[in-house]
1. In whole Å, largest first, what are the principal axis extents of the Cα atoms in the range 2-92?
2. Could you give the length gained on full extension between residue 66 and residue 223, defined as 0.36 nm per residue of separation minus the Cα-Cα distance, in nm?
3. Which FRET efficiency value, to the nearest 0.05, is calculated for residue 84 and residue 112 with the Förster distance at 30 angstrom and r the Cβ-Cβ distance?
4. Quick one: Kirkwood hydrodynamic radius for the range 95-214, alpha-carbon pairs, angstrom, one decimal?
5. Sort 121, 369, 321 so that the residue with the fewest other Cβ atoms within 10 Å of its own Cβ comes first and the one with the most comes last.
6. Can you sort 64, 5 so the residue with the fewest Cβ neighbours within 10 Å comes first?
7. Can you find, among 56, 39, 79, the residue farthest towards the positive end of the dipole of the range 2-92? Put +1 on the C-beta of Lys and Arg, -1 on that of Asp and Glu.
8. Just the Kirkwood number for the range 45-87, please: inverse of mean 1/r across all distinct Cα pairs, in Å, one decimal.
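Every number here is computed from the coordinates shown, using simple stated rules; none is lab data. These figures come from a predicted structure and were not determined experimentally. Neighbour counts run over all protein chains shown; Cβ positions are idealised from the backbone, glycine included.
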Amino acid sequence: MRPLHRLWQAIESLPGLSASGAEWKQRLGDDLESLKRFLLLTDRIADCIPDAQDSYSHRRVVRHSDDDIVGINDRDASIVPLGKTDVLIYRLNTAKLSEAAIIAFGWEPMKIQPTSLTPFRVGTIRPLDLPAFFAIPRKSKDLLDFLQSLEGNDQRGMVLLTPSSRFVQSLVENWLSKRNGHLFPLTECLELGKGERLLLTEQGKQRVLAFQRVLEQQQKQHRRASSTANRSKRGKEQVVPVKSWTQVDLDEAIRKYKAERASSYSDLVAGVRANRQAAKSAAQEIYGRNSIVRALGVKSRAMVTKSLVWQAIADELGISRGKERNRKSLQKIGFDIATEKQAEEASASALETAVQNETIKLVRNAMGREEAELIVERLRDGTLTDDQARELAETVKDQKRDSRTRKVSGRA
């Protein structure tokens, strides 16, 4: 493991996040080859470069031809031959660097175009969908101006990544504190691991754990607020007059009730199957027997319990059907059908387990141990879907292929 202090210092001090190959070498030293994947080669040539023999001097670049480039030190008139890699300008690939950082934190990266301009949004923290931003300030006011530009976004919180905490002064800290903002200085949180990957430092891991505890508390508060809002909303809703129903008419009314909420129904089913408590609570709130009774104005609650349409919904969403469930199921569908239904449910569960196991295998093959286990943990607790985990694995594999291609090109 190697610290990356020189990288973050260079990023904070380089104008335009660009420099000649010779200057990047001077600033990054032995880390240059490992970090070169975060640099974009341009077609521009530097006017001068640092003098490798005198750190306080520069050499003026003179290009006689593509194969004849020299550096002249005007102080002593000395001349040295230079290669293209010394004089060509390299620009920081902020998109690739921020993506690698987000993956190291275990969050969901966003696809963005390479640019030298910051700040910009680089990822999302699930399950609260908090945005993560990357900023490279030149002074404290840069950070404050950016944060104030977010005032009207009505966010429940946000994460800000910066190279260091150098420009995080009291006004910035106060803004973050009052608006549930979280700062992660990358010089403290990331280091270079095996395979040229960015990994969390021990201090970074502690920061992430503290942040996760804050997120859990936010989730609890959000659920309580949602529950209170729903109760208030029900209290203000117009009371549906109670009436007598025939079983056929009630079944049709329940079908219509479900159809009117079709856009969210599949999400509820997926959430319940993933064992998410919020989805279970919402399912009970919307499709529970008493909710149906109130929404449709059913005089006899037992009629909802007996409804085969409602029973199917309740089974799919894991809603209890009460004491009548087992007795009525045996009477209506018989032992053979019940056995078949149990087999189908077991088969579906086995399929979901197989899909998740395959995803875990892909993640572990693509990532390092610590990084992979963090993703696997989020996959198992339902805060990350199979599709999202596979996409992260593919992103890491692409980065490895890019790295191998650059190495082969370099040897050629």
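1. 38, 27, 22
2. My answer for the length gained is 50.0 nm.
3. Between residue 84 and residue 112 the formula returns 0.55.
4. Result for the range 95-214, one decimal place: 14.6 Å.
5. Going from sparsest to densest Cβ surroundings: 369, 121, 321.
6. 64, 5
7. After comparing all options, I get 39.
8. Taking the inverse mean of 1/r over all distinct Cα pairs, the range 45-87 comes out at 10.2 Å.
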